[in-house]
Amino acid sequence: MRVFITGASGFIGRAVVTELLKAGHQVVGLARSEKAASVISWLGAGIQRGDLDDLDSIRVGVKNADAVIHLANKHDWANPAESNRAERAAVQTISDTLAGTDRPFLLASGLAGFNLDRPVTEHDPNPAVGPNSPRGGAENLALEYAERGVHVVVVRFAPTVHGAEDHGFVSLIAQNSRRHGAVRYPGDGANRWAAVHRFDAAQLVRLGLENAQPGTILHAVAEESVPIRTIAEVLAERLDLPTQSTPAEQLVAELGFVGYALSGDWAATSHITRDLLNWQPTGPTLLEDIAAGHYDQP
Ligand SMILES: NC(=O)c1ccc[n+]([C@@H]2O[C@H](COP(=O)([O-])OP(=O)(O)OC[C@H]3O[C@@H](n4cnc5c(N)ncnc54)[C@H](OP(=O)(O)O)[C@@H]3O)[C@@H](O)[C@H]2O)c1
């Protein structure tokens, strides 16, 4: 397939590009800068110049492709409303452009905010509904298009997709810990995160693109539930810092979205995904990746 990918130059996107090329697909990545274009070219993919704020550039990429993977996100932690707006607009534009075709559209989603007292499954509806909700309610918006015949597949990534070059939550927590002089965790640190290695996540994206039926929700989750306190302890040992229990409200006040994430209880299962696509994650665990030193550098 000729696959158009937004976010191709990102942490997950780069792994997805490599995974797709290895499997014999053609790939074109959206690039908003020379730097992003050179990263995508270096991986061996073609370029569509454009930006999330230039919806025409996205329309062109979608029209010229057999399938679309949407991974770009502004991740503007200081202005989440703008990230959410852009996310919703991109998903709406891609879905409208694909209406009336049977071309697959796979989009990234997350596992925050479900607030269940058990791990989230693929059958649990995402509580983010409407433009003012997290990610602009893009998952539910896309699933509405699935009901109207667009071949939508949702991939909910674990809150930490980890590995070398990760600059997501664990990396931000490591940076904050160095500044603060301790690795902080909320309360007793019993809250949990699901986790997945970047290469396993990329393989799942490819399998979902090739095989998932319209309307499928997939969980990119290799480890169901890693306690935050354990993550803090392994990180502290690696960074040669003490750990420190801190009230969750203080972490949120000081660290914003990162503090909210650190305090989240975001466990999830992936039995349904594994059975559906015969996906068997094999990558290192989160704790192995931390212990290997991938979060050592500022
Ligand atoms: N990584 C995780 O742990 C994790 C967990 C849950 C969900 N997710 C979701 O998975 C998706 C991919 O995450 P990631 O970790 O790969 O993110 P990332 O490394 O931050 O990459 C973001 C990508 O979006 C692009 N982008 C940002 N703003 C843009 C704009 N205005 N116009 C066009 N492109 C723009 C970036 O391009 P540049 O290279 O030009 O900056 C980059 O390619 C995101 O939706 C993310 O929220 C990730």
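At-a-glance table
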item	result
Strands (runs of 3 or more DSSP E) wholly inside the range 1-99 that include at least 1 residues being more than 12 Å from the ligand (Cβ to nearest atom) and open to solvent by 20 Å² or more (accessible area, probe 1.4 Å)	2-6, 26-31, 46-49
Qualifying position, being more than 11 Å from the ligand (Cβ to nearest atom) and either in contact with a Cys (Cβ under 8 Å, 6 or more places away or on another chain) or not hydrophobic (A, V, I, L, M, F, W, C) (or both), among 135, 178	178
Options 210, 147: the member that is at pLDDT below 95, assigned by TED's automatic domain parsing to the domain that holds residue 104 and among the acidic types (Asp, Glu)	147
Matching residues, the range 102-119, being surrounded by 15 or more Cβ atoms within 10 Å (Cβ to Cβ) and modelled with pLDDT of 95 or more	103, 104, 105, 106, 107, 108, 109, 110, 111, 119
Filter pass, residue 61 being on the phi > 0 side of the Ramachandran plot, more than 18 Å from the chain's Cα centre (by Cα) and not assigned by TED's automatic domain parsing to the domain that holds residue 252	no
Count of the range 140-158 residues which are within 30 Å of residue 288 (Cβ to Cβ) and open to solvent by less than 10 Å² (accessible area, probe 1.4 Å)	5
Breaking point among (1) of a type in the set (Val, Ile, Thr); (2) buried (at least 17 other Cβ atoms within 10 Å of the Cβ); (3) more than 16 Å from the chain's Cα centre (by Cα); (4) under 24 Å from residue 80 (Cβ atoms), for residue 161	(3)
Close pairs (7 angstrom Cβ cut-off, 6 or more residues apart or separate chains): among the aliphatic types (A, V, I, L, M) in the range 87-104, open to solvent by 20 Å² or more (accessible area, probe 1.4 Å) and modelled with pLDDT of 95 or more anywhere	89/55; 90/52
Test: residue in the range 267-288 that is within 24 Å of residue 80 (Cβ to Cβ), at pLDDT 95 or above and among the polar types (S, T, N, Q)	no
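The values are calculated or read from the model by the stated rules, or taken from the named source; none is laboratory data. It should be emphasised that the depicted structure is a prediction, and the values quoted were computed from it without experimental measurement. Counting neighbours? That spans all protein chains shown, and the Cβs are built from the backbone with ideal geometry, glycine included. Side chains included, ligands, DNA and RNA excluded: accessible areas come from the protein's heavy atoms. Shrake-Rupley method; radii C 1.70, N 1.55, O 1.52, S 1.80 Å.
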